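The values are calculated or read from the model by the stated rules, or taken from the named source; none is laboratory data. Since we're looking at a predicted model, the values are computed, not measured. Neighbour counts are summed over all protein chains in view; Cβ atoms, including those assigned to glycine, are modelled from backbone coordinates with ideal geometry.
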Amino acid sequence: MKTHLFIAFLFLSLISLQAQTYTPNWASLDQRQTPAWFQDAKFGIFIHWGVFSVPAWATTSNADGFGSGYSEWYWQRLFATNLKIHPEFLEFHRKNYGDATYQDFVQQFKAELYKPEDWAKIFEEAGAKYVVLTSKHHEGFTLWPSAQSWNWNAVDVGPHRDLAGDLSKAVKARNLRMGFYYSLYEWFNPVYKADVNKYVAERMLPQMKDLVTRYEPDVLWTDGEWDHPAKTWQSETFLAWLFNESKVKDRVVVNDRWGNDTKGAHGSFATSEYGHGGADNKETTNGFVRPWEECRGMGESFGYNRNENLHLYQSGKQLVHQLIDIVARGGNLLLNIGPSADGQIPVIMQERLAEMGAWLKVNGEAIYGTRKWAKAAVYNKESQVYYTQKGQNLYVIQRKWAELLQLDNVAKPKSVRLLGYDGPVKFTYKNNVLQIIAPQLNPNTIPCEYAWTYVLEGVN
């Protein structure tokens, strides 16, 4: 009898250890480890889509001011002109739309060509492992039938369709992870401007809980946190519910934008935007290293900007090189696309994603599931060599082809191979220096473009 009681006690103890309960304070919430899938995924797709996709216009880098090139800020910029910050927006609007209000644009936001299954296929073929859609940007318009956004959501007006739900189904059907961006604040919501506490209790928190309960996302990516500290947003209370009670409590990840006092300090991962924010600074909280993610568009804007020309877009080569650099430093890349109001992904963005997918099809082994190699510098600036590691393998990614690659900071490998190439790779190892002799390739046999990966097997 005593034996049975002891076994039962042990079983219950193990369950209690596995089902940790988090209290609504950062000291407790920060104990939660980031689910491993996030660091393994490495590459995700960000999607900025909403009523702002109708005017789809912003100034470019010739203009001054942070965010002036973000087309998703169009509505806010019209009012910012009263302060003479961005007069170009008001000039553009009056010239092309006269006295029309921003709300009038919703009549043209029809998404008539939107095929979420096609989007999901493009993302899968690009090599992405997760997707993050703007469920609600700072304009307050939701892409799902939110009860708190009556007559200002994609089902009540505009497309008359659950854009978020349809994409979530299509993405999950491809075995990709689905996530949502959500803006905590809204520029011109009268309740928010009059009483932020009422706004949080009656709109923001119910919306976020509905989004999580309805679609069960793997990522909740908040933004617009900068007006108030986390206490005002009730972020700790919400996250305790998310990690304790929601259906995604064991797998969901959240970013670090939960108040003007949380960035880089709390959340499942730190965020960097267009290279700003220092998210790769090895911040450690309560015994573990916080992962980080870099987000950026292919051009200067997140939302589709018709004012951007080819020279403002990153090339496929540049995007692949950025992915390599970020992953070698231990981060993820969340690369943004901005669909048009009719639901099409611009062809240039499709092309860039296809180029990244072609490279990852060959070199994915050196990206997915890897970690930063801690035994040496991240890369050699002169030879443009980057490192990642996984198990007993060290991956050496060179962004510039070399007939002879010399490495003096690695142990002797058991073997060397070139990803995408079936033939042997010769190497020598003498006086702690590894020399890899590149195989003789031609345009018909070279495995990929932009960068090439040697696998050093059995060195860790």
Selection over the range 206-240 where residues are farther than 21 Å from Trp37 by Cα and of a type in the set (Phe, Trp, Tyr) yields a count of 3
Let me confirm something: among Leu78, Leu83, which residue is modelled with pLDDT under 95 and either in contact with a Leu (Cβ under 8 Å, 6 or more places away or on another chain) or of a type in the set (Phe, Trp, Tyr) (or both)? Leu78
Would you point out which residue out of Lys414, Lys390 is without any contact (Cβ under 8 Å) to a residue 40 or more places away in the chain and either in contact with a Phe, Trp or Tyr (Cβ under 6 Å, 6 or more places away or on another chain) or basic (Lys, Arg) (or both)? Lys390
Give me the pairs: first residue in the range 130-152 and among the aliphatic types (A, V, I, L, M) and in a loop (DSSP other than H, G, I, E, B), second residue surrounded by fewer than 24 Cβ atoms within 10 Å (Cβ to Cβ) and modelled with pLDDT of 95 or more, beta-carbon distance under 7 Å, and six or more apart or on different chains, which are they? none
Heads up, the helices (runs of 4 or more DSSP H) in the range 191-256 (entirely inside) with at least 2 residues that are within 15 Å of Thr134 (Cα to Cα) and assigned by TED's automatic domain parsing to the domain that holds Leu133 are 205-215
Taking Gln314 and the conditions (1) assigned by TED's automatic domain parsing to the domain that holds His48; (2) buried (at least 23 other Cβ atoms within 10 Å of the Cβ); (3) of a type in the set (S, T, N, Q), which numbered condition does it fall short on, given that it satisfies the others? (2)
Mind telling me which of the residues Ser71, Ser135, Ser149 ends up being modelled with pLDDT of 95 or more and not assigned by TED's automatic domain parsing to the domain that holds Phe180? Ser71
Would you point out the residue of the range 204-221, among those that are more than 21 Å from the chain's Cα centre (by Cα) and crowded, with 16+ Cβ neighbours inside 10 Å, that is nearest to Val248 (Cα to Cα)? Asp210
Residues in the range 212-239 that are in contact with a Ser or Thr (Cβ under 6 Å, 6 or more places away or on another chain) and among the aliphatic types (A, V, I, L, M): how many? 2
Any idea how many residues of the range 313-353 are among the aliphatic types (A, V, I, L, M), over 26 Å from Trp452 (Cβ atoms) and not in a helix (DSSP H, G or I)? 3
Contacts under 9 angstrom Cβ, first residue in the range 429-450 being closer than 14 Å to Val416 by Cβ, partner small (Gly, Ala, Ser), 6 or more apart: Tyr429/Ala411; Leu434/Ala411; Ile436/Ala402; Ala438/Ala402; Pro439/Gly423
Residue that is in contact with an Asp or Glu (Cβ under 6 Å, 6 or more places away or on another chain) and modelled with pLDDT of 95 or more, where the choices are Asn332, Asn336, Asn363: Asn332
Please work out if Val396 is buried (at least 17 other Cβ atoms within 10 Å of the Cβ), in contact with a helix residue (DSSP H, G or I) (Cβ under 9 Å, 6 or more places away or on another chain) and over 30 Å from Glu117 (Cβ atoms). yes
Quick check, is Thr222 at pLDDT 95 or above, under 23 Å from Glu273 (Cα atoms) and not small (Gly, Ala, Ser)? yes
Restricting attention to the range 304-360, which residues are polar (S, T, N, Q) and either under 24 Å from Val253 (Cβ atoms) or more than 18 Å from the chain's Cα centre (by Cα) (or both)? Asn305, Asn307, Asn309, Ser315, Gln322, Asn332, Asn336, Ser340, Gln344
